[in-house]
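What follows is a short report on a single structure.
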Amino acid sequence: MGLLGWPLLVATIVLALGCPVACAVLWGRVRGPAAWPARLSLILACQVTAIIAVGVVLNDHYEFFASWGDLAGDDGANAPIEQPAHAGGPPSVPHDFHPAADHTLEATFAGARSGIRSRVWVWLPPQYRLEPRRRFPVVELFTGFPGTPTAWFHAMRGPEQLTRDVEKRTAQPYILVAPTITVWPGHDTECVDVPRGPKVATWLTEDVRSVITADFRTLPGRDAWGTMGYSTGGYCAAKLPVQYPRLFRAGVSLAGYFTPSTPGLTRLPGENLPVVVRRRRPRVDLLLATSRQDPGTTTAIDGMVKATRPPTLVATYVVPRGGHNTGVWSTMLPRCFQWLTTELTHPN
């Protein structure tokens, strides 16, 4: 039984509800010198099962921990950062994709340019299988920190929403790609090529793109590639098109920010997005979305809007209510997919 998904969720909720019932039934049946210790144990069991159930519900929604090993602290931090022998050549290990959960495909590969070895999940729209000669645009999906890429297929329900939007003809079908951004366990690299550290930006742009274009029927050119992310992933979704306009046409930031916050990264040149868009004016379009009840992000959006000049274009999407959570962001997806459909090349 995995740490995420309905089996554990249902089991813990049933246990949390059953424990008070058992306590009520057994309370009067325990007698003698051991009565009070036994009753205290029953109360403690009720409290523990309730806390576990709440923890499982929160983890299932926010995906703080992706597996039992992750919960136990087995994060693989001792794995080496690999540097391929020939930069720019093919990936150093095969990147065959295989079926994973949530109707996705998964592969682990080493990036030829970054040297990072990590996992990537891909979701293919139904049209991909039904129309074998058709090529599709791509949207890279980024999560917050801490978080796991599969949150896009679980808590955010991205494919589910996109499928409904395509059926309504308010959006076009995309290949959805969710790469790992936390490639350095326990460290928020904010999708940056860290000095003397992992080249996360290179991994998410050059490496992931080269593998996806080699393995799947993607449309060529930057006009067929977009990004979308929430929280820290929202910063990534805005910054990568701004920094790599030759690779991406558009990006959607959900409750993101636009300057790095991790110590050691705050003063890196090229990472302060308002400064970059003011100076470089990259030919990309950004949709900056948030809630008015998420005040830090609304202030950040205002700063980006003031800094932007054509040919960089910024649109905003601000809902009146909601906090900083996936429940709010998932309700924004229909408008976001609709906006991307006006920006990216359509399947052909």
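The values are calculated or read from the model by the stated rules, or taken from the named source; none is laboratory data. Values in this document were obtained by computation on a predicted structure and should not be read as measured data. Glycine also receives a Cβ, built like all others from the backbone with ideal geometry; neighbour counts cover every protein chain displayed. When the accessible area is computed, the model is the full protein with side chains, heavy atoms only, and any ligands, DNA or RNA have been set aside. Shrake-Rupley method; radii C 1.70, N 1.55, O 1.52, S 1.80 Å.
Among residues belonging to segment 114-143 that are part of a loop (DSSP other than H, G, I, E, B) and over 20 Å from T227 (Cβ atoms), point out the one that is least open to solvent (accessible area, probe 1.4 Å). Write out each step before concluding.
Restricting attention to segment 114-143, the residues satisfying the condition of being part of a loop (DSSP other than H, G, I, E, B) are 114-116, 124-125, 131-135, 137, 143.
Among the residues that remain, those that are also over 20 Å from T227 (Cβ atoms) are: 115, 131-134.
Working: G115: 0, E131: 72, P132: 88, R133: 226, R134: 59 Å².
Residue satisfying both the conditions and the ranking: G115.
Of all residues in segment 176-186, count the ones that are in contact with a Gly (Cβ under 8 Å, 6 or more places away or on another chain) and within 17 Å of G234 (Cα to Cα). Reasoning before the result, please.
Pass one, segment 176-186, residues in contact with a Gly (Cβ under 8 Å, 6 or more places away or on another chain): 176, 181-182, 184-185.
Next, only the ones that are within 17 Å of G234 (Cα to Cα) stay: 176, 181-182.
Total meeting the criteria: 3.
Select from segment 260-297 the residues that are in a loop (DSSP other than H, G, I, E, B), polar (S, T, N, Q) and touching a residue at least 40 places away in the same chain (Cβ under 8 Å) and list them in ascending order. Let's see the steps before the verdict.
Filtering segment 260-297 for residues in a loop (DSSP other than H, G, I, E, B) gives 260-272, 281-284, 292-294.
So of that shortlist, the ones also polar (S, T, N, Q) come out as 261-262, 266, 272, 293.
Passing the criteria: S261, T262.
Which pairs turn up if I take residues in segment 100-113 that are within 19 Å of P198 (Cα to Cα) and part of a loop (DSSP other than H, G, I, E, B) and look for partners that are modelled with pLDDT under 90 and aliphatic (A, V, I, L, M) with beta carbon separation below 9 Å, at least 6 apart in sequence or on another chain?
A112/A87; R113/A87
Quick one: how many residues across segment 303-337 are closer than 23 Å to Y244 by Cα and either surrounded by fewer than 17 Cβ atoms within 10 Å (Cβ to Cβ) or not hydrophobic (A, V, I, L, M, F, W, C) (or both)? So that I can check it myself, show each step before the final result.
Of the residues in segment 303-337, the ones closer than 23 Å to Y244 by Cα are 303-316, 336-337.
Right, trim to either surrounded by fewer than 17 Cβ atoms within 10 Å (Cβ to Cβ) or not hydrophobic (A, V, I, L, M, F, W, C) (or both) and you get 303, 305-306, 308-313, 315-316.
Qualifying residue count for the region: 11.
Within segment 144-259, which strands (runs of 3 or more DSSP E) (wholly inside it) include 2 or more residues that are aliphatic (A, V, I, L, M) and closer than 22 Å to G270 by Cβ?
Values: elements: 175-179, 225-230, 250-254.
Once the strands (runs of 3 or more DSSP E) in segment 144-259 are filtered for at least 2 residues that are aliphatic (A, V, I, L, M) and closer than 22 Å to G270 by Cβ, what remains is 250-254.
If a residue must be in contact (Cβ under 8 Å) with a residue 60 or more places away in the chain and in a helix (DSSP H, G or I), how many such residues does segment 298-342 contain?
Restricting attention to segment 298-342, the residues satisfying the condition of being in contact (Cβ under 8 Å) with a residue 60 or more places away in the chain are 304, 312, 324-330, 332-334, 336-341.
If we keep only those that are in a helix (DSSP H, G or I) as well, we get 304, 326-330, 332-334, 336-341.
Qualifying residue count, segment 298-342: 15.
Residue check, E271 against (1) under 22 Å from L124 (Cα atoms); (2) crowded, with 19+ Cβ neighbours inside 10 Å; (3) of a type in the set (D, E, K, R), all met but one. Which one?
(1)
Return the residue satisfying two criteria in turn: it lies in segment 93-113 and is open to solvent by less than 30 Å² (accessible area, probe 1.4 Å), touching a strand residue (DSSP E or B) at 6+ places or on another chain (Cβ under 7 Å) and not hydrophobic (A, V, I, L, M, F, W, C), and of such residues it is farthest from T180 (Cα to Cα).
Ranking the candidates gives T104 first.
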